[in-house]
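S.K.: Shown below is the structure under consideration.
The values are calculated or read from the model by the stated rules, or taken from the named source; none is laboratory data. Everything numeric in this text was worked out from a predicted model, so none of it was measured. Every residue, glycine among them, receives a Cβ derived from its backbone with ideal geometry; neighbour counts consider all protein chains shown.
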Amino acid sequence: MPTAHPSGWAHADGALRGPHWLREPSDPDALVPLLWSRTATKSDGVLSIGGVPLPELVREHGSPAYVLDEADFRSRARAFRDAFADYDVFYAGKAFLCTTVARWLAEEGLSLDVCSGGELAVAERARFPMERVGFHGNNKTLGELERAVELGVGRVIVDSFTEIERLADVAAELGRTVGVMVRVTAGVEAHTHEYIATAHEDQKFGFSIASGDALEAVRRVHAAPSLRLLGLHSHIGSQIFDTSGFEVAARRVLALHARAIEEVGVEMPEMDLGGGFGIAYTTQDDPSDPAQLATEITKIVEHECRALEIALPRLSIEPGRAIVGPSMCTVYEVGTVKDVALDGGARRTYVSVDGGMSDNIRTALYDADYSATIASRPSGGPPALSRVVGKHCEAGDIVVKDEFLPADVRPGDLLAVPGTGAYCRSMASNYNHALRPPVIGVRDGKTFTVLRRETVADLLATDVGVL
Ligand code: LLP
């Protein structure tokens with residue numbers, strides 16, 4: 001019988017087995033397809049993405065690097081667009097945004113959700129059609145609202161009474177009418193990490209349906225001549241697998257939608273159900289595909305609309321992670337390897353790579369699970385339970401908590417971590433004055449730079465102190 005160990009499961013032989021779902025690989029060189037972008041292949045232990053062997057990519061662009069598979073990104077974007085053909089699909093730029101990706105999205109016919117002036121500036125530089133942009137945020141500044149109205153964004157998702165007033169004034173001063181959605185809180189407990197759940201009452205987003213604030217917000221938007229009410233918006237959280245949360249939220253939001261039509265006399269032509277669709281980070285995750293999601297969500301909404309005897313609003317969704325998450329992996333070079341004895345005689349191998357919490361904060365912040373594989377040579381030696389850690393001055397600087405890597409993992413090996421497309425580069429930092437890695441696109445055997453690696457000059461550019 002294994003016994004509980006603070007950092008895993010120690011067996012009688014003293015070996016650590018990791019969390020219950022982690023299996024020793026029967027073939028350490030095989031890829032688990034669900035975790036990788038679709039063009040990923042491994043041959044003789046060398047991982048290729050988009051037809052580019054990663055050792056070659058690293059020789060050309062250095063490490064660490066995020067590797068973005070263009071064909072995979074586009075195919076996931078198209079899969080959402082096609083499955084939700086009667087909806088508007090807004091890609092959530094907070095997951096990962098740059099001008100290249102914004103162009104791909106425009107070409108694939110998606111819309112774009114931005115949540116800051118910075119993301120809006122990327123959309124502008126990419127010449128993304130502004131009527132297809134939605135602007136989010138619980139505390140947009142006056143300057144951000146002015147810019148959004150000037151640029152003519154298609155909709156602003158309002159999040160507070162203060163903001164309704166501010167936006168109405170900005171639009172009136174600029175002589176514009178702005179499309180508005182009211183972000184509501186459906187009171188749902190989403191089964192995800194507390195920090196990324198957003199539909200329970202005790203958090204900062206949205207107007208509460210239960211308290212009556214949401215209906216009052218609808219009234220105020222409706223009463224403002226410079227605002228055009230489009231409908232309600234609900235986002236229950238992120239990395240969600242269970243559609244029952246969406247179901248409860250949709251039911252409550254549609255009930256409010258019907259009430260608003262009845263009591264306020266508004267039209268409410270649209271409704272947005274947000275994003276949050278989960279992806280596989282490890283073999284324990286089993287995400288739905290866009291077609292399944294579309295069928296389930298549409299069934300729920302149509303059923304509720306029939307029951308409430310209201311017309312089906314034009315629906316939209318906002319997937320971020322489910323499009324870009326699996327399209328990117330991160331490639332690192334191993335720098336040091338340390339075998340550490342744990343209480344009870346078990347041992348763990350610490351594999352240090354040339355990046356860490358500055359390029360992937362999700363493990364430290366959300367206790368997220370990732371996996372890793374050697375990308376530069378065939379595996380040798382038996383599998384050893386390993387922890388992939390970064391180079392930062394912090395013990396919590398962990399990239400992959402538990403993974404079986406070959407016991408002979410050594411300095412100079414390349415390691416690749418899949419599923420790092422969402423919320424890794426976009427949440428990257430310069431902690432310890434790390435240089436944020438580049439995003440290297442791959443397609444048909446060629447690489448192209450999407451975001452270049454930062455330089456020391458970039459770091460020092462903001463340091464204007466006088467010596
Ligand atoms: N729509 C709204 C209003 C959102 O707030 C979000 C995510 C999305 C759509 C997209 O959610 P997605 O489909 O990507 O799950 N940093 C966290 C996730 C925070 C999500 C914030 N909002 C993480 O790394 O897991």
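S.K.: Within segment 336-357, take every residue that is surrounded by fewer than 24 Cβ atoms within 10 Å (Cβ to Cβ) and in contact with a Gly (Cβ under 9 Å, 6 or more places away or on another chain) and give me the one that is nearest to Tyr431 (Cα to Cα). Don't jump to the end; show me each part of the working.
M.R.: Narrowing segment 336-357 to residues surrounded by fewer than 24 Cβ atoms within 10 Å (Cβ to Cβ): 336-350, 352, 354.
From what's left, in contact with a Gly (Cβ under 9 Å, 6 or more places away or on another chain): 342, 344-348, 352, 354.
Values: Leu342: 29, Gly344: 34, Gly345: 34, Ala346: 32, Arg347: 29, Arg348: 26, Ser352: 17, Asp354: 13 Å.
Ranking the qualifying residues of segment 336-357, first place goes to Asp354.
S.K.: Looking only at segment 221-247, filter to residues that are assigned to a helix (DSSP H, G or I) and under 26 Å from Arg132 (Cβ atoms); which one of those is farthest from the chain's Cα centre (by Cα)? Working first, answer last.
M.R.: Keep residues of segment 221-247 that are assigned to a helix (DSSP H, G or I), which gives 221-223, 244-247.
Those still in the list that are under 26 Å from Arg132 (Cβ atoms) too: 221-222, 246.
Working: Val221: 30, His222: 33, Phe246: 18 Å.
Among them, the one singled out is His222.
S.K.: Can I ask one more? When residues of segment 30-71 are filtered for being hydrophobic (A, V, I, L, M, F, W, C) and surrounded by fewer than 20 Cβ atoms within 10 Å (Cβ to Cβ), how many remain?
M.R.: Step one: of segment 30-71, the residues hydrophobic (A, V, I, L, M, F, W, C) are 30-32, 34-36, 40, 46-47, 49, 52, 54, 57-58, 65, 67-68, 71.
Of the ones still in play, those that are also surrounded by fewer than 20 Cβ atoms within 10 Å (Cβ to Cβ) are 30-32, 34, 46, 71.
Total satisfying the criteria: 6.
S.K.: I need every pair where a residue in segment 105-117 that is within 14 Å of Asn138 (Cα to Cα) and free of Cβ contacts under 8 Å to residues at least 24 places away in the same chain has its Cβ under 6 Å from the Cβ of a residue that is part of a loop (DSSP other than H, G, I, E, B) and among the charged types (D, E, K, R), sequence separation at least 6 or different chains.
M.R.: Sorted first by the residue in segment 105-117, then by its partner, the pairs are Cys115/Lys94.
S.K.: Has segment 346-354 got any residue that is free of Cβ contacts under 8 Å to residues at least 12 places away in the same chain and in a strand (DSSP E or B)? Walk me through it before giving the result.
M.R.: So the first thing to find is which residues in segment 346-354 are free of Cβ contacts under 8 Å to residues at least 12 places away in the same chain, and the list is none.
Scanning segment 346-354 turns up no residue that is free of Cβ contacts under 8 Å to residues at least 12 places away in the same chain and in a strand (DSSP E or B).
S.K.: Among Ala280, Ala294, Ala250, Ala258, which is the only one that is touching a residue at least 40 places away in the same chain (Cβ under 8 Å), touching a helix residue (DSSP H, G or I) at 6+ places or on another chain (Cβ under 6 Å), small (Gly, Ala, Ser) and not in a helix (DSSP H, G or I)? Break it down into steps so the answer makes sense when it comes.
M.R.: Details: Ala294 fails: not in a helix (DSSP H, G or I); Ala250 fails: not in a helix (DSSP H, G or I); Ala258 fails: not in a helix (DSSP H, G or I).
Just a single option satisfies the conditions, and that option is Ala280.
S.K.: A further question on this structure: Could you figure out which of (1) out of contact with any strand residue (DSSP E or B) (no Cβ under 6 Å at 6 or more places or on another chain); (2) away from the ligand (no atom under 16 Å from the Cβ) isn't true of Ile164?
M.R.: (1)
S.K.: Out of all the residues in segment 53-65, is one or more of a type outside the set (Gly, Ala, Ser), at pLDDT 95 or above, part of a loop (DSSP other than H, G, I, E, B) and out of contact with any Leu (no Cβ under 8 Å at 6 or more places or on another chain)?
M.R.: Going through segment 53-65, the residues of a type outside the set (Gly, Ala, Ser) turn out to be 53-61, 64.
Now drop any that are not at pLDDT 95 or above, which leaves 53-61, 64.
If we keep only those that are part of a loop (DSSP other than H, G, I, E, B) too, we end up with 64.
Then keep just the ones that are out of contact with any Leu (no Cβ under 8 Å at 6 or more places or on another chain); that gives 64.
Yes, segment 53-65 contains a residue that is of a type outside the set (Gly, Ala, Ser), at pLDDT 95 or above, part of a loop (DSSP other than H, G, I, E, B) and out of contact with any Leu (no Cβ under 8 Å at 6 or more places or on another chain).
Listed here are the residues, each with its yes/no results for (1) of a type in the set (A, V, I, L, M, F, W, C); (2) away from the ligand (no atom under 16 Å from the Cβ); (3) not in a strand (DSSP E or B).
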{"residue": "Ile300", "(1), (2), (3)": "yes, yes, yes"}
{"residue": "Val334", "(1), (2), (3)": "yes, yes, no"}
{"residue": "Val340", "(1), (2), (3)": "yes, yes, no"}
{"residue": "Asn360", "(1), (2), (3)": "no, no, yes"}
{"residue": "Glu394", "(1), (2), (3)": "no, yes, yes"}
{"residue": "Val399", "(1), (2), (3)": "yes, no, no"}
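S.K.: Same structure again: Among Ala307, Ala311, Ala294, which is over 19 Å from Val188 (Cα atoms) and either in contact with a Phe, Trp or Tyr (Cβ under 8 Å, 6 or more places away or on another chain) or modelled with pLDDT under 95 (or both)? Walk me through how you get there before you give the answer.
M.R.: Working: Ala307 fails: either in contact with a Phe, Trp or Tyr (Cβ under 8 Å, 6 or more places away or on another chain) or modelled with pLDDT under 95 (or both); Ala311 fails: either in contact with a Phe, Trp or Tyr (Cβ under 8 Å, 6 or more places away or on another chain) or modelled with pLDDT under 95 (or both).
Exactly one residue qualifies, and that residue is Ala294.
S.K.: While we're here: Could you check, for segment 211-231, whether at least one of its residues is touching a strand residue (DSSP E or B) at 6+ places or on another chain (Cβ under 8 Å), hydroxyl-bearing (Ser, Thr, Tyr), buried (at least 23 other Cβ atoms within 10 Å of the Cβ) and modelled with pLDDT of 95 or more? If you could, list the steps in order and put the result at the bottom.
M.R.: Of the residues in segment 211-231, the ones touching a strand residue (DSSP E or B) at 6+ places or on another chain (Cβ under 8 Å) are 213-214, 216-218, 221-222, 226-231.
Subset that is hydroxyl-bearing (Ser, Thr, Tyr): 226.
Narrowing further to those that are buried (at least 23 other Cβ atoms within 10 Å of the Cβ): none.
Within segment 211-231, not a single residue is touching a strand residue (DSSP E or B) at 6+ places or on another chain (Cβ under 8 Å), hydroxyl-bearing (Ser, Thr, Tyr), buried (at least 23 other Cβ atoms within 10 Å of the Cβ) and modelled with pLDDT of 95 or more.
S.K.: Would you call Gly143 modelled with pLDDT of 95 or more, more than 23 Å from Tyr91 (Cβ to Cβ) and under 27 Å from the mean Cα position of the chain (by Cα)?
M.R.: Answer is yes for this residue.
S.K.: Quick one: in segment 417-448, which of the residues that are part of a helix (DSSP H, G or I) and touching a residue at least 60 places away in the same chain (Cβ under 8 Å) is surrounded by the fewest Cβ atoms within 10 Å (Cβ to Cβ)? Quick ask: steps written out before the conclusion?
M.R.: Within segment 417-448, the first condition is being part of a helix (DSSP H, G or I), and the residues that meet it are 425-427, 431-433.
Pick out the ones that are also touching a residue at least 60 places away in the same chain (Cβ under 8 Å) and you get 425-427, 431-432.
Working: Arg425: 25, Ser426: 16, Met427: 17, Tyr431: 16, Asn432: 14.
The residue in question is Asn432.
S.K.: Oh, and also: Answer yes or no: is there a residue in segment 92-109 that is in a strand (DSSP E or B) and either surrounded by fewer than 19 Cβ atoms within 10 Å (Cβ to Cβ) or modelled with pLDDT of 95 or more (or both). So that I can check it myself, show each step before the final result.
M.R.: Let us first name the residues in segment 92-109 that are in a strand (DSSP E or B), namely 92.
This time we only want the ones that are either surrounded by fewer than 19 Cβ atoms within 10 Å (Cβ to Cβ) or modelled with pLDDT of 95 or more (or both), so: 92.
Checking segment 92-109: at least one residue is in a strand (DSSP E or B) and either surrounded by fewer than 19 Cβ atoms within 10 Å (Cβ to Cβ) or modelled with pLDDT of 95 or more (or both).
S.K.: If you check Thr282 against the conditions, is it within 30 Å of Val417 (Cβ to Cβ), outside the structural domain of Ala214 (by TED's automatic domain parsing) and within 16 Å of the ligand (Cβ to nearest atom)? Lay out the reasoning, then the answer.
M.R.: Values: within 30 Å of Val417 (Cβ to Cβ): yes; outside the structural domain of Ala214 (by TED's automatic domain parsing): no; within 16 Å of the ligand (Cβ to nearest atom): yes.
No.
S.K.: Anything in segment 133-153 that is within 15 Å of the ligand (Cβ to nearest atom) and either of a type outside the set (A, V, I, L, M) or outside the structural domain of Ile236 (by TED's automatic domain parsing) (or both)? List them, or say none.
M.R.: Within segment 133-153, Gly134, Phe135, His136, Gly137, Asn138, Asn139, Lys140 qualify.
S.K.: If only one of Arg176, Arg166, Arg183 is assigned to a loop (DSSP other than H, G, I, E, B) and closer than 26 Å to Val266 by Cβ, which one is it? Talk me through it step by step, then tell me what you get.
M.R.: Values: Arg166 fails: assigned to a loop (DSSP other than H, G, I, E, B); Arg183 fails: assigned to a loop (DSSP other than H, G, I, E, B).
Being assigned to a loop (DSSP other than H, G, I, E, B) and closer than 26 Å to Val266 by Cβ holds for just one of Arg176, Arg166, Arg183, which is Arg176.
S.K.: Here is a follow-up. Tally the residues that are over 19 Å from Pro64 (Cα atoms), among the polar types (S, T, N, Q) and touching a Gly at 6+ places or on another chain (Cβ under 8 Å), restricting the search to segment 359-399.
M.R.: Residues that pass the stated criteria total 1.
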